[in-house]
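Remarks on the structure that follows.
Just so it is clear, none of the values below were taken in a lab; they were calculated from the coordinates. Being a predicted model, the structure only gives us computed values, none of them experimental. Here the Cβ positions follow ideal geometry from the backbone for every residue, glycine too, while neighbour counts run over all protein chains shown.
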Amino acid sequence: MNSAVSLSMSAAPPAQRIRLSLDDYALRTGLIILIILLAISVVFPLYSLLSKSLEDMDGKFVGLQNFREYFETPALFTSITNSLGVASSVALIVMVIAFVYAYALTRTQMPLRWLFRGIALIPILAPSLLAAISMIYWFGNQGVLKSWLAGASVYGPIGIIIASCFWVFPHALMILVTALSTADARLYEAAEALCTPKWRVFWTVTLPGAKYGILSAGFIVFTLVITDFGVPKVIGGRFNVLATDVYKQVVGQQNFEMGAVVSLVLLLPALLAFIADRWVQRKQVALLSARAIPFQPKSEPLRDGLLFVFCAIVAVILIAMLGMAAYASFVTFWPYNLTLSLKNYNFDVMDGGGWEAYYNSIRMAIYCAIIGSGFIFFGSYLVEKARGITWLRTILHLAAMLPLAVPGLVLGIAYIFFFNHPDNPLGFLYGSMGILVICTIVHFYTVSHLTCLTALKQLDPEFEAVSLSLKTPVWRTFQKVTLPMCLPTLLDVASYLFLNAMTTVSAVVFLYSPETMLASVAVLNMDDAGDIAPAAAMALMIVYTSAIFRVFHALLARKLNRRTQVWRHK
């Protein structure tokens with residue numbers, strides 16, 4: 001087929017050769033433009049962050065003096081051990097709970113598995129701040145279950161760990177469900193024929209088959225927790241972690257140089273976790289061959305019953321966390337006047353943000369979903385489908401992978417130093433809706449890029465080869481073939497960007513202006529002002545909006561799939 005295409009191209013008339021060269025020129029131009037845009041939005045800000053950490057307050061180069069001062073300050077250095085301890089604890093707890101939960105969903109005939117799966121994904125719809133606020137109402141100084149802590153305070157590592165477990169649980173669960181869904185039934189049939197005890201089958205077949213998914217989920221959870229800003233800010237009390245240190249240095253003390261130093265220190269564990277996760281994924285091998293038989297779990301009443309009880313307990317805890325925040329948002333004055341009212345939803349009279357912040361979040365989420373999904377899909381298309389120019393495609397792919405290793409808080413600090421520099425012609429973006437959209441898209445770029453890349457890799461290169469032999473322009477092939485076949489993935493990416501734009505805090509907390517206040521930042525500001533119930537109400541508005549959007553996305557995807565994905569069902 002390739003030789004036929006080569007012959008057709010060599011024998012093509014001059015007009016066709018000109019058109020083909022114009023197509024190649026357009027693709028090459030697109031690659032260069034995207035590389036420049038990613039350099040401006042990722043590489044240059046990170047360079048500005050590094051440069052700032054090596055300067056004093058007057059802008060003079062001082063080398064590693066700021067780093068030496070940081071490590072010689074006991075209070076700041078303690079934040080490193082606190083962050084590592086909390087992140088490791090959450091990763092260990094969540095991995096055990098999520099693995100058992102995922103095992104129940106994929107390897108048993110337990111009833112109501114669909115319901116438990118849906119409940120487990122609820123935290124994705126909420127900002128991390130919601131879990132911390134709910135913890136205050138459950139176990140705070142005036143909490144319902146304060147006595148359960150036996151005199152211990154929830155304002156510290158205990159509260160951070162519990163709230164973080166709620167927030168990151170669905171992220172670990174989705175990875176583990178995928179890992180446990182892939183199994184070859186022949187291995188289990190062989191073990192059964194050899195009369196192998198069930199515990200030994202678990203340790204020698206099930207666990208090794210899912211080990212890469214377990215490790216990957218562990219690294220993801222560790223990175224999410226150590227870089228999260230919302231939970232420790234709301235419920236951390238005097239227990240300092242790296243993420244809150246960055247905020248205090250930049251916002252509280254206006255010490256931008258030390259803020260840059262702490263940001264780079266925060267970047268290091270996230271970068272190491274990213275490298276380790278990449279290494280684990282490279283070691284992973286295919287678990288299913290062409291001869292594999294899909295595993296179908298058998299019913300075992302005792303096992304299924306015990307796991308049903310376990311999943312029910314976890315589901316009740318998840319619902320209780322969300323339910324308490326929802327209840328508190330309607331209480332007139334906790335805990336003295338428990339009459340239900342809409343007083344806390346009158347955001348315009350609250351300190352920290354009004355209804356305009358909520359509308360800004362919806363606008364930003366829509367911009368991110370539309371602009372971001374189109375931009376990312378086109379970039380992935382160029383990486384996968386552009387002919388030749390391998391080195392440009394490689395550079396674009398590496399640039400697209402870089403944001404995954406950069407925490408949102410670090411990215412936000414870097415944007416301050418880069419876009420707010422007086423010599424930067426792009427300085428007009430600072431404080432605008434544009435910089436919020438750019439930062440959010442960049443923050444979640446890599447996952448979306450890999451998702452689109454996976455969908456494009458599933459398309460046979462013969463589509464492009466045939467279109468060339470038929471003298472069809474690249475843009476027409478993209479419009480008529482590539483885009484319709486990848487439409488489900490494109491909609492999923494748009495949904496992913498919308499939901500994360502609604503819930504993100506760390507990436508935008510330094511970049512907004514009074515005119516571009518966001519709902520997630522308003523939650524933080526209301527909590528700082530002592531308006532905890534209104535903060536819970538605003539967080540619930542984010543949850544309601546995200547849930548409605550998920551329903552809308554499902555209906556739209558179903559309608560469009562009927563029109564463009566008929567070939568999948570024939």
If we sort 321-334, 54-67, 510-523, 403-416 on the protection proxy, mean other Cβ atoms within 10 Å, highest first, what's the order? 403-416, 510-523, 321-334, 54-67
Stretched fully, the stretch from residue 401 through residue 73 gains (0.36 nm per residue minus C-alpha distance, one decimal, in nm) 114.7 nm
Would you mind computing, in nm to one decimal, how far apart the modelled labels at residue 81 and residue 61 are, each placed 7 Å from Cα along Cα→Cβ? 3.6 nm
Which log10 I(q)/I(0) values does region 318-431 give at q = 0.17, 0.20 Å⁻¹ under the Debye formula, counting every alpha carbon as one identical point scatterer? -1.09, -1.22
Against the globular-protein guess of 2.2 N^0.38 Å, express the Cα radius of gyration of region 304-357 as a ratio, rounded to two decimals. 1.67
Obtain the nm distance between the two label points defined at residue 319 and residue 150 by a simple spin-label model: each point lies 7 Å from its Cα along the Cα-to-C-beta direction. 2.9 nm
Kindly provide the pair-distance distribution of region 324-387 built from C-alpha pairs, with 10 Å bins from 0 and whole-percent values in order of increasing distance. 18, 25, 20, 15, 13, 7, 1
For region 30-112, alpha-carbon Rg over 2.2 N^0.38 Å: 1.92
If packing is taken as the average number of other Cβ atoms within 10 Å across a peptide's residues, how do 75-83, 422-430 rank, most packed first? 75-83, 422-430
By counting other Cβ atoms within 10 Å of each Cβ, how are 248, 52, 457 ranked from fewest to most? 457, 248, 52
Collect residues whose amide H, placed 1.01 Å from N in the peptide plane, falls under 5 Å from the amide H of residue 55; neighbours closer than 5 in sequence don't count. 62
Using Cβ contacts closer than 10 Å as the measure, can you line up 207, 396 from fewest to most? 207, 396
From the mean inverse distance of alpha carbon pairs (Kirkwood) and the Cα radius of gyration, derive Rg over Rh for region 31-79. 1.20
Would you work out if region 512-552 is rounded, prolate or oblate? Take a ≥ b ≥ c from the square roots of the eigenvalues of the alpha-carbon gyration tensor; rounded if a/c is under 1.5, else prolate when a/b is larger than b/c, oblate otherwise. oblate
Taking every C-alpha to C-alpha distance in region 68-129 and binning by 10 Å from 0, the per-bin percentages run 17, 30, 25, 16, 10, 3
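Sort 361-371, 529-539 for me by packing, meaning the mean count of neighbouring Cβ atoms within 10 Å per residue, highest on top.
Going by the mean number of other Cβ atoms within 10 Å, highest first, we get 529-539, 361-371.
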Cα extents of region 51-163 along the three principal axes, largest first (Å): 65, 36, 23
Inter-label distance, nm, simple model (7 Å from Cα along the C-beta direction), residue 548/residue 366: 1.2 nm
Listed residue pairs exceeding 32 Å between alpha carbons, taken from 52/233; 457/559; 343/559; 211/298; 233/457; 52/457: 343/559; 233/457; 52/457
